[in-house]
Amino acid sequence: MLEEETEMLRAKLHELTLEHRDLDDVINHLALDPDFDQLKLRRMKKRKLVLKDQISQIRSKLIPDIEA
């Protein structure tokens, strides 16, 4: 992988990680409010899972293949 690609992946990883953390904070806060729209809360949780998958994919690309 080229150095430029690696840096782009690291930047994207950082961006997604921040979004995931922020979304986690919002979900935890809103989950305490029984009047909050549960559909919106489920959508936020789904988005958080998508972010987690994207983060995992990028991390696996950044880890060099180890030959046995």
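Condition test on R47, is it at negative phi, loosely packed, with under 12 Cβ neighbours inside 10 Å, part of a helix (DSSP H, G or I) and of a type outside the set (S, T, Y)? Criteria not met by R47. When L16 is tested against (1) touching a helix residue (DSSP H, G or I) at 6+ places or on another chain (Cβ under 9 Å); (2) loosely packed, with under 11 Cβ neighbours inside 10 Å; (3) aliphatic (A, V, I, L, M), only condition (2) is not met. In segment 50-63, what count of residues is obtained for those that are out of contact with any Leu (no Cβ under 9 Å at 6 or more places or on another chain), open to solvent by 100 Å² or more (accessible area, probe 1.4 Å) and at pLDDT below 95? The total comes to 1.
The values are calculated or read from the model by the stated rules, or taken from the named source; none is laboratory data. This one's a predicted model, so the numbers in the text were calculated from it and none came from an experiment. Cβ sites come from the backbone with ideal geometry, for glycine too, and all protein chains shown count toward neighbours. We work out accessible area using only protein heavy atoms, side chains counted, and drop any ligands, DNA or RNA first. Shrake-Rupley method; radii C 1.70, N 1.55, O 1.52, S 1.80 Å.
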